[in-house]
Ligand SMILES: Nc1ncnc2c1ncn2[C@@H]1O[C@H](COP(=O)(O)OP(=O)(O)OP(=O)(O)O)[C@@H](O)[C@H]1O
Ligand SMILES: [Mg+2]
């Protein structure tokens, strides 16, 4: 099994690191049929929230569509 590791880094805050990671993972999973592991090492846990938020209103329609297919 070939494994590739991607890391998105930018020292500036609020520039779409989390959003891009989420969408890249969703794209590679859904469109390329790859198995994806996201490691959330951020104490804000924003991407974990994106995937597992209990309040559905937290998610926009594209996020909900992604999670419903899992
Ligand atoms: N392409 C985009 N178009 C419009 N809004 C966007 C886009 N990408 C991200 N955002 C919005 O910008 C805000 C910051 O995005 P995000 O949380 O992904 O940034 P971040 O770099 O991970 O921030 P932090 O430094 O706090 O971890 C969020 O409200 C997100 O919804
Ligand atoms: Mg972030």
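Every number in this text was worked out from the coordinates using simple rules, so none of it is lab data. Predicted, not measured: the structure shown is a model, and the values here were computed from it. Because the Cβ atoms are built from the backbone with ideal geometry, glycine has one as well, and the counts that use them run over all protein chains shown.
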Worksheet item: In region 6-39, what residues are within 12 Å of residue 51 (Cβ to Cβ) and near ligand 2 (Cβ under 10 Å from one of its atoms)?
Response: 18, 21, 22
Fill in: Considering residues of region 40-55 that are within 13 Å of ligand 2 (Cβ to nearest atom) and assigned to a loop (DSSP other than H, G, I, E, B) only, the residue surrounded by the most Cβ atoms within 10 Å (Cβ to Cβ)
40
